[in-house]
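Some notes on the structure that comes next.
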Amino acid sequence: MTRKEMVTRVIDGDTFITDSRKNSVRLANVNAPEKGSPGGTAATQSLRNLIQGEEVVIDTVARDKYGRSVANVKIGNRSVNTAMKRKGYK
């Protein structure tokens, strides 16, 4: 299911919250360092610079054990997942 939503908060380098869902969204096939881990702050800032306050298109491909949507995310025609992978978060 594909939905347009506004990003309200970036949690870390691969997870964020939107204005219209209870659970957070995790980028599919992106593994960024967690908050508090080496590189975590840089990863969080990278994702924040890309999507904070932006309307994104979320295409949910799965749910994880925490109930989060695991999704491919785009801003316009640009893949956020691909952008984060290019920054080295595979």
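The set of residues in the range 4-39 that are polar (S, T, N, Q), under 15 Å from residue 69 (Cβ atoms) and more than 13 Å from the chain's Cα centre (by Cα) contains only 20.
Can you name every residue in the range 1-10 that is out of contact with any helix residue (DSSP H, G or I) (no Cβ under 7 Å at 6 or more places or on another chain) and part of a strand (DSSP E or B)? Result: 2, 3, 4, 5, 6, 8, 9. I'd like to verify a number: residues in the range 61-89 that are part of a strand (DSSP E or B), touching a helix residue (DSSP H, G or I) at 6+ places or on another chain (Cβ under 8 Å) and among the β-branched types (Val, Ile, Thr), how many? Counting residues in the range 61-89 that are part of a strand (DSSP E or B), touching a helix residue (DSSP H, G or I) at 6+ places or on another chain (Cβ under 8 Å) and among the β-branched types (Val, Ile, Thr) gives 2. The single condition among (1) more than 11 Å from the chain's Cα centre (by Cα); (2) at pLDDT 95 or above that residue 1 does not meet is (2). Within the span defined as the range 24-43, every residue fails to be loosely packed, with under 12 Cβ neighbours inside 10 Å, farther than 16 Å from residue 3 by Cα and among the polar types (S, T, N, Q).
When the range 11-54 is filtered for residues that are assigned to a strand (DSSP E or B) and under 17 Å from residue 82 (Cα atoms), the ones remaining, listed by number, are 12, 15, 16, 25, 26, 27.
The values are calculated or read from the model by the stated rules, or taken from the named source; none is laboratory data. Just so it is clear, the model here is predicted, and its values are computed rather than measured. Neighbour counts are summed over all protein chains in view; Cβ atoms, including those assigned to glycine, are modelled from backbone coordinates with ideal geometry.
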